[in-house]
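Peer 1: Dropping a structure here in structure tokens format, bear with me for questions.
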Amino acid sequence: MSDVTRAKNGRPVHHWRRDVVELAALFTAVAVADAVANLVGHGPDGPALLAISAIVLVATAGFHTWWSRRHGHAPPTGDTGARPLPTEQQAGPSDQASATPDPVAEESTLWRMRTTVKDAPGSLAALCTALAGQRVDILSLQTHPLADGTVDEFLLRAPGDLAGSEITRAVALAGGSDTWIERADAHDLVDAPTRVLGLAARTALDAAELPLALRQLLGRCTIRSQPAKPVAGGGAGPEAVPAEGILEDTVMRLRAPEGGVITVERPYLPFTPTEFARVRALMELDAQLGPRVPRSHDVLTLPEGSDITVRRADTGDLEAARAMHERCSQRTLGMRYHGPVGDADRYLNHLLSPRFGRTLTVRTASGRVVGLGHLLWDGDETEVALLIEDAWQRRGIGGELLGRLVAMAVEAGCASVYAVTQASNTGMVAAMRGLGLPLDYQIEEGTLVITARLDAASVAARPPYERQREREFSEETVRD
């Protein structure tokens, strides 16, 4: 097939000129060979002619080799319609090495962006074109239909040197309005359906997860749970909301399963009907499942040999908690509740409800509650509080509870926790210091507020009970 190629239409094309040349060369060679044979066999100069023939043959072979290399069998690209090889394939190995790009990828930044566009053909295409002009890659897109437009929520990967303000400027020029943008992280790479299913699974296992699930679903927001407020005549209080809930721009209110109201606020970004529907779905799942907390427990041995059991608590432990209140001194209750001691019992139903946080109880071998530890969702902040029965103080129980509560806060994604106490409550101050975390101290209206900034690595480095046992026999007086 050296003399046959294919034209653009796929049919073979014969190069007749090359065939004529090769046939002429063949006949010439045969004629020369016959003449040489006759001269060598019949003439007196046979040997000389044989040598000359050899030289001519070598010269002919060399000429043919040179011709073949210069005019290869492959036809020119104009004859075949073939495209020339890419530059990378034509270049030699050394050239390819010099053309290889830097293996270090260009630094990039993840952004979450939300903008409103007109509900008209081509609006989204113009927006995507504007982002492409800034070398911004769209990783995911969600649409939230509105009455007079569409809210598009993007997850973007942009060059590291591209500021968020430049992205929003390009979006505005492309027709986007009310644009909001903030940094994202690897957790945002999970698509919306997968994220919602994961949050639903967490809520199904633990009622205390609902506020955290809502916060992860909606981003930075403030969530407050308020109990029902009945009024005279049996009617609903002013906080009551209809069964379908209320959506008011940056505030949504929904009826809690126990009869109260859950209020969610996000002042920096209005809620969309799609987000409202997702929240309602999680709330309905929570209502269908009813009260629930994990029932796992740990049995620990105190240094003096007594065994205690630490486990989650809920409103089913209300009577046992009230009995512990009756055994506590006025001073202990006053340090915990910072108000009239006679009102202490009325806080328990709120504190033990999974709707407002998580509670740990400490029980003796006989089942008596001798300690309570609370992790409370306070809007977008998290509070920790401890109450230890007088006879069980200075045994390390407070430090054990606090360490576990802080570990729960880290697991829930909280950035910090705070404790409201008094400067004279040396036990609580010592327990907070024993966490080994950065602390901030602030005096507010005669009370001491201690805030611990959480570091997941530091909290998870060692079990909390081991930290407590190391400081158990310190010289400092511990009063929980």
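The values are calculated or read from the model by the stated rules, or taken from the named source; none is laboratory data. Owing to the predicted nature of the structure, the values given are computational and were not obtained by experimental measurement. Note that we place each Cβ from the backbone using ideal geometry, even for glycine, and neighbour counts take in every protein chain shown. Note: accessible area is taken over every heavy atom of the protein model, side chains too, but ligands, DNA and RNA are not part of it. Shrake-Rupley method; radii C 1.70, N 1.55, O 1.52, S 1.80 Å.
Peer 1: Taking only protein heavy atoms and a 1.4 Å probe, what accessible area per residue, in Å², does region 100-231 have with all protein chains in place?
Peer 2: Computed with neighbouring chains in place, this is 54 Å² per residue.
Peer 1: Here is a further query. Applying a 10 Å radius around every beta-carbon, put 275-287, 203-215 in order of their mean neighbour count, most first. Let's see the in-between values first.
Peer 2: On the way: 275-287: 17.2, 203-215: 20.2.
With the highest mean Cβ count within 10 Å placed first, the list reads 203-215, 275-287.
Peer 1: What does the charge dipole of region 344-435 about its Cα centre add up to, to the nearest 20 debye, if the Cβ of each Lys and Arg holds +1 and the Cβ of each Asp and Glu holds -1?
Peer 2: So the dipole magnitude of region 344-435 works out to roughly 340 debye.
Peer 1: Percent of Cα-Cα pairs per 5 Å bin, from 0 to the last occupied bin, for region 164-294, please list those.
Peer 2: Histogram of Cα-Cα distances, whole percents per bin: 2, 9, 17, 19, 19, 13, 9, 6, 4, 2, 1, 0.
Peer 1: Rounded, prolate or oblate: which fits region 337-442 when a ≥ b ≥ c are the square roots of the eigenvalues of the alpha-carbon gyration tensor, with rounded for a/c under 1.5 and prolate only if a/b beats b/c?
Peer 2: rounded
Peer 1: Here's a follow-up. Once amide H atoms are built 1.01 Å from N in the peptide plane, which residues 5 or more positions from residue 448, or in another chain, come under 5 Å H to H?
Peer 2: 421, 422, 423
Peer 1: By the scheme Lys and Arg +1, Asp and Glu -1, what is the net charge of all other residues having a beta-carbon under 12 Å from that of residue 206?
Peer 2: +2
Peer 1: Give me the accessible area per residue for region 282-345, probe 1.4 Å, as a whole number in Å². Walk me through the numbers on the way to the answer.
Peer 2: Working: 3280 Å² over 64 residues.
That works out to 51 Å² for each residue.
Peer 1: Can I ask one more? Of all accessible surface on region 248-307 at a 1.4 Å probe, what whole percent is carbon and sulfur?
Peer 2: Values: 1560 of 3050 Å².
Percent of accessible area from carbon and sulfur atoms in region 248-307: 51.
Peer 1: Would you work out the charge dipole size for region 157-295 about its Cα centre, treating the Cβ of every Lys and Arg as +1 and the Cβ of every Asp and Glu as -1, and quote it to the nearest 20 debye?
Peer 2: The dipole magnitude comes to about 340 debye.
Peer 1: Take the solvent-accessible surface of the protein heavy atoms, probe 1.4 Å, and return the percent of it on region 132-177 that carbon and sulfur atoms account for.
Peer 2: Answer for region 132-177 is 50 percent, counting heavy atoms of protein chains only.
Peer 1: I'd like the accessible area for residue 261: 1.4 Å probe, protein heavy atoms, all chains in place, Å² to the nearest 10.
Peer 2: The accessible area comes out at roughly 10 Å².
Peer 1: When only the heavy atoms of the protein chains count and the probe is 1.4 Å, how do 440, 390, 119 rank by accessible area, highest first?
Peer 2: From most accessible down to least: 119, 440, 390.
Peer 1: At 7 Å along the Cα-to-beta-carbon direction for both residue 323 and residue 201, put a label point, then send me their distance in nm to one decimal.
Peer 2: The two pseudo-label positions are separated by 3.9 nm.
Peer 1: Over region 414-457, give the accessible area per residue in Å² for a 1.4 Å probe, as an integer.
Peer 2: Working: 2110 Å² over 44 residues.
Per residue, region 414-457 has an accessible area of 48 Å².
Peer 1: Here is a follow-up. For residue 269, what is the net charge nearby, where nearby means another residue's Cβ is under 13 Å from its Cβ and Lys, Arg count +1, Asp, Glu -1?
Peer 2: Neighbourhood net charge equals -2.
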